[in-house]
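J.: Sharing a structure with you now.
The values are calculated or read from the model by the stated rules, or taken from the named source; none is laboratory data. As the structure is a computational prediction, the values presented were derived from the model and not from experiment. Quick reminder, even Gly has a Cβ in these numbers, built from the backbone with ideal geometry, and neighbours come from all protein chains shown.
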Amino acid sequence: MKLRAGYELHYDFPQPTPLMLMLNVHFSRVSDLAVPDHIVVNPSVPLSGYRDSFGNWCTRLVAPAGAFMISSDFEVRDSGLPDPAVTKGWQVGVEHLPDDALVFLLASRFCDCDRLLDLAWTLFGTAEPGLGRVRAVCDFVHNHIAFGYEHASVGRSASQAYEDRRGVCRDYAHLAVAFCRALNIPARYCTGYLSDIGTPLPHAAGDFAAWFEAYIGGEWQMFDPRNNTPRMGRVLIARGRDAADVAITTTFGVNTLKSFKVWTDEVV
């Protein structure tokens, strides 16, 4: 099937302001693009790009003073199948992990696994190492946090999400990532598009989604503690240690986000 996806962000800047954007589809899905995911800005300004240390494509620009819009509208081919089942589940010993996985064992700004170390082993220490523990983490996080857009907080860490017991998809992902790292399982935060195809009506307003990947069975495998069930129409944008590494937009100055719209719909 094909998905039509995109976004429209309307800002107001009191003065020229530098921005960094992480809004392009991840290089692992670029070959699936049927219509390019070009970033369009209005008014027009020069854009430049670079690859960050995690392999994500980033865009730089300076927004002019006044109203400013960032948008894209593209199509991407998708299997139309639910998320693949995870079947390889052994836990790789830390001494055998690939070098580039080690950073995903460490505490980060929002995934403060050092604060959750004792709790993680108390809750999940008896679960089967590897896949068994990751699934136990996902089940716990899914049931522990109450979802609500009104609960969103840009500064909430994993340990705070555990205490608050409420949040949005990034909080589910942060808490699950922190628990996995505390259990010596490398875990990395993911952000992207996720359609509502196959889910009951009514559908909420579109938004970007967050999930995570754990290194088990000798490879990175995807988990979604917010939904905790296979979903269709998932398109990766970026991966990092936590949400701070993969912010959709980073602005270096005063600004007002006037409106925000995201869509991920099946092309029929």
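J.: Please determine whether any residue of the range 162-170 is surrounded by 17 or more Cβ atoms within 10 Å (Cβ to Cβ), without any contact (Cβ under 8 Å) to a residue 60 or more places away in the chain and within 14 Å of the chain's Cα centre (by Cα).
T.: yes
J.: Kindly indicate whether VAL262 is crowded, with 18+ Cβ neighbours inside 10 Å and touching a Gly at 6+ places or on another chain (Cβ under 6 Å).
T.: no
J.: Here is a further query. Kindly establish whether ALA187 is among the small types (Gly, Ala, Ser), surrounded by 18 or more Cβ atoms within 10 Å (Cβ to Cβ) and touching a residue at least 60 places away in the same chain (Cβ under 8 Å).
T.: Considered against the rule, which asks whether it is among the small types (Gly, Ala, Ser), surrounded by 18 or more Cβ atoms within 10 Å (Cβ to Cβ) and touching a residue at least 60 places away in the same chain (Cβ under 8 Å), ALA187 comes out as yes.
J.: Which members of the range 208-224 meet the condition of being part of a strand (DSSP E or B) and touching a residue at least 40 places away in the same chain (Cβ under 8 Å)? Don't jump to the end; show me each part of the working.
T.: Taking the range 208-224 as the starting set, the residues that turn out to be part of a strand (DSSP E or B) are 209-216, 219-223.
Once the filter is applied, which keeps residues that are part of a strand (DSSP E or B) and touching a residue at least 40 places away in the same chain (Cβ under 8 Å), the range 208-224 yields ALA209, ALA210, TRP211, ALA214, TYR215, ILE216, GLU219, GLN221, MET222, PHE223.
J.: Mind checking which residues of the range 216-259 are acidic (Asp, Glu) and either over 11 Å from the mean Cα position of the chain (by Cα) or surrounded by fewer than 21 Cβ atoms within 10 Å (Cβ to Cβ) (or both)?
T.: Result: GLU219, ASP245.
J.: Quick one: is LEU106 touching a Lys or Arg at 6+ places or on another chain (Cβ under 8 Å) and in contact (Cβ under 8 Å) with a residue 60 or more places away in the chain? So that I can check it myself, show each step before the final result.
T.: Working: touching a Lys or Arg at 6+ places or on another chain (Cβ under 8 Å): yes; in contact (Cβ under 8 Å) with a residue 60 or more places away in the chain: yes.
Criteria met by LEU106.
J.: If you scan the range 122-134, which residues turn out to be touching a residue at least 24 places away in the same chain (Cβ under 8 Å) and not in a loop (DSSP other than H, G, I, E, B)?
T.: LEU123, PHE124, LEU131, GLY132, ARG133, VAL134
J.: Out of the range 197-214, which residues are surrounded by fewer than 24 Cβ atoms within 10 Å (Cβ to Cβ) and within 14 Å of ASP224 (Cα to Cα)?
T.: Hits for the range 197-214 are PHE208, GLU213.
J.: Continuing with this model, one more query. Quick one: how many residues across the range 158-171 are in a helix (DSSP H, G or I) and either of a type outside the set (Phe, Trp, Tyr) or at positive phi (or both)?
T.: Counting residues in the range 158-171 that are in a helix (DSSP H, G or I) and either of a type outside the set (Phe, Trp, Tyr) or at positive phi (or both) gives 9.
J.: May I ask you to say which residue of PHE179, PHE252, PHE223 is hydrophobic (A, V, I, L, M, F, W, C) and in the same structural domain as ARG51 (by TED's automatic domain parsing)?
T.: None of the others qualify; the one that does is PHE252.
J.: Follow-up question, since we're still on this one. Go through the range 207-244 and give me each residue that's of a type in the set (D, E, K, R) and under 26 Å from GLY93 (Cα atoms).
T.: GLU213, GLU219, ASP224, ARG239, ARG241, ASP242
Residue by residue, here is whether (1) buried (at least 17 other Cβ atoms within 10 Å of the Cβ); (2) not in a loop (DSSP other than H, G, I, E, B) holds:
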| residue | (1), (2) |
| --- | --- |
| CYS138 | yes, yes |
| VAL141 | yes, yes |
| GLU150 | no, yes |
| SER153 | no, no |
| ARG156 | yes, no |
| ALA173 | yes, yes |
| ALA176 | yes, yes |
| PHE179 | yes, yes |
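J.: Filter the range 30-53 down to residues that are in contact (Cβ under 8 Å) with a residue 12 or more places away in the chain, more than 25 Å from TYR11 (Cα to Cα) and not acidic (Asp, Glu), then give me how many there are.
T.: 3
J.: Let me confirm something: among ARG109, ARG133, which residue is surrounded by 15 or more Cβ atoms within 10 Å (Cβ to Cβ), in the same structural domain as ARG241 (by TED's automatic domain parsing) and of a type in the set (Lys, Arg)?
T.: The unique qualifying residue is ARG133.
J.: Same structure, new question: Quick one: which of THR87, THR122 is among the hydroxyl-bearing types (Ser, Thr, Tyr), surrounded by fewer than 17 Cβ atoms within 10 Å (Cβ to Cβ) and at pLDDT 95 or above? Steps first, please.
T.: Numbers: THR87 fails: at pLDDT 95 or above.
It is THR122.
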